[in-house]
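**Q** Pasting in a structure now, in structure tokens, and then I'll have a few things to ask.
The values are calculated or read from the model by the stated rules, or taken from the named source; none is laboratory data. Just so you know, these numbers come straight off a predicted model, no measurement behind them. We place every Cβ from the backbone using ideal geometry, glycine too, and count neighbours over all the protein chains shown. Side chains are part of the model used for accessible areas, which takes the heavy atoms of the whole protein and leaves out ligands, DNA and RNA. Shrake-Rupley method; radii C 1.70, N 1.55, O 1.52, S 1.80 Å.
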Amino acid sequence: MKRLAIKIGSNVLTRKDGTLDITRMSALVDQVAELHRLGWEVVLISSGAVASGRSEIQASKRLDAISARQLYSAVGQAKLINRYYELFREHGIACGQVLTTKESLGSRTHYLNQKHCMEVMLENCVIPIANENDTISVTELMFTDNDELSGLIATMMDMSALIILSNIDGIYDGDPSDPKSRVIREIAPGKEDLSEHIQTSKSTFGRGGMLTKCRIARKVADEGIPVIIANGKREDILLKLLDPASDTPRTRFLPSGKPVSGLKKWIAHSEGFAKGEIRVNQGAEQALTGPRATSLLFVGVTRIEGDFEKDDIVRIINEKGQTIGLGCAAYGSEEARALIGRRDLKPLVHYDYLYIE
């Protein structure tokens, strides 16, 4: 099975004045259509709704940030998906809109429902075009940006690769505006800190930045899916990225060879849904992060924070206050607090429901 998740950023789809770049959009659709013809199953994660709406309508009065986002996304999403519909129809390809929210993917049931929806679309040769539902996603209910959504979809759908299209060629070893800087072509699995190479500024029309892209790319690659960050404004970029003979600039995150179950992939992307925190001592941290698989036992727990129920997502925090993992709690918080430090009990988080970062 050949499957691609392709995330198209706002800065790829918009001109400097914020209007939708129809020429660029049409060129990308042409490339996706060619991939479709070659047998690839493609899911698009497309930004651009807010920017599209902003160029279409003038608010009658000054709006706060949330109201403006809701207004522009409501108008812009209709404009955006209609344009995709018309462009794909020229190739005889059907596409469909998939709007989602972070909250709707917080439960395992809703997550599997969304997965099934896109599976059915792909089975019937329909290209899903996913985006966050910005009309109702506000403040704590929002994804960091569509990079986060694309990473979740890539792992959910067990993609062959995730391609993140931005307006620069990849991750540089210095300031991208410095002529001496070069694109880092490959990043191997591991814990190497790349933050010193990455510019922290956000994109002009989107919420994301290269630091977010790098974090998501590394997480997805650690789950066994290669990730490519490239410049979506380059001609025929998608076709060149999939051509082994092409030398087109890009940064490729090499996948880990360690298999990760579908359940653990969901848990890995569920940090924003966590209902509580489990504080552990050094011994528990060493056991959890060591080479041998192990569950989180009460004997290694020092403190429990927050209120959660059985099967809720919880963060696992070490003595330094760092998140080392996520998991599904086997107990509610009230019962778990009474068992801290006890031995010979069922694990607080079983290994099968535990993701260590």
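**Q** Could you pull out the residue among Gly96, Gly92 that is open to solvent by 20 Å² or more (accessible area, probe 1.4 Å), at pLDDT 95 or above, within 24 Å of Asp30 (Cβ to Cβ) and not in a helix (DSSP H, G or I)?
**A** Just one listed residue meets the conditions, Gly92.
**Q** Okay, moving on. Answer with yes or no whether Tyr111 is farther than 23 Å from Gly272 by Cβ and touching a residue at least 40 places away in the same chain (Cβ under 8 Å).
**A** Answer is no for this residue.
**Q** Those residues that are in contact with a Leu (Cβ under 8 Å, 6 or more places away or on another chain) and either open to solvent by 60 Å² or more (accessible area, probe 1.4 Å) or outside any helix (DSSP H, G or I) (or both), I need them from the range 109-133; list them, please.
**A** If the condition is that a residue be in contact with a Leu (Cβ under 8 Å, 6 or more places away or on another chain) and either open to solvent by 60 Å² or more (accessible area, probe 1.4 Å) or outside any helix (DSSP H, G or I) (or both), then Ile127, Pro128, Ile129, Ala130, Asn131, Glu132, Asn133 are the ones that fit.
**Q** Give the residue, chosen from Ile228, Ile267, Ile216, that is within 30 Å of Gly325 (Cβ to Cβ) and at pLDDT 95 or above.
**A** Result: Ile228 is the single residue among Ile228, Ile267, Ile216 that is within 30 Å of Gly325 (Cβ to Cβ) and at pLDDT 95 or above.
**Q** If a residue has to be of a type in the set (Phe, Trp, Tyr) and in contact with a Lys or Arg (Cβ under 8 Å, 6 or more places away or on another chain) to count, how many in the range 319-352 make the cut?
**A** 1
**Q** Quickly run through the range 256-280 and pick out the residues that are open to solvent by 50 Å² or more (accessible area, probe 1.4 Å) and either among the β-branched types (Val, Ile, Thr) or within 17 Å of the chain's Cα centre (by Cα) (or both).
**A** Glu271, the sole residue that qualifies.
**Q** Here's something else I'd like to know. Hey, any hits in the range 46-56 for a residue that's within 17 Å of the chain's Cα centre (by Cα) and among the hydroxyl-bearing types (Ser, Thr, Tyr)?
**A** yes
**Q** Go over the candidates Ser26, Ser10, Ser73 one by one and state the one that is open to solvent by less than 10 Å² (accessible area, probe 1.4 Å), touching a residue at least 40 places away in the same chain (Cβ under 8 Å) and of a type in the set (Gly, Ala, Ser).
**A** Exactly one residue qualifies, and that residue is Ser73.
**Q** Additional query: Mind telling me which of the residues Lys61, Lys102, Lys79 ends up being in contact (Cβ under 8 Å) with a residue 24 or more places away in the chain and open to solvent by 50 Å² or more (accessible area, probe 1.4 Å)?
**A** Residue meeting the stated conditions: Lys79.
**Q** Considering the range 31-58 alone, what residues qualify as being in a loop (DSSP other than H, G, I, E, B), surrounded by 15 or more Cβ atoms within 10 Å (Cβ to Cβ) and either among the polar types (S, T, N, Q) or touching a Pro at 6+ places or on another chain (Cβ under 8 Å) (or both)?
**A** Selection gives Ser47, Ser55.
**Q** Continuing with the same structure: Would you check which residues across the range 285-333 are in a helix (DSSP H, G or I) and touching a helix residue (DSSP H, G or I) at 6+ places or on another chain (Cβ under 6 Å) and list them?
**A** Matches in the range 285-333: Gly300 only.
**Q** Could you tell me which numbered condition Phe143 fails, if it satisfies all but one of (1) open to solvent by less than 10 Å² (accessible area, probe 1.4 Å); (2) modelled with pLDDT of 85 or more?
**A** In the conditions (1) open to solvent by less than 10 Å² (accessible area, probe 1.4 Å); (2) modelled with pLDDT of 85 or more, Phe143 misses (2) alone.
**Q** Please enumerate the residues belonging to the range 216-256 that are free of Cβ contacts under 8 Å to residues at least 40 places away in the same chain, part of a loop (DSSP other than H, G, I, E, B) and out of contact with any Ser or Thr (no Cβ under 8 Å at 6 or more places or on another chain).
**A** Hits for the range 216-256 are Asp243, Pro244, Ala245, Ser246, Asp247, Thr248.
**Q** In the range 1-30, what residues are out of contact with any Phe, Trp or Tyr (no Cβ under 7 Å at 6 or more places or on another chain) and part of a loop (DSSP other than H, G, I, E, B)?
**A** Met1, Gly9, Arg15, Lys16, Asp17, Thr19, Asp21
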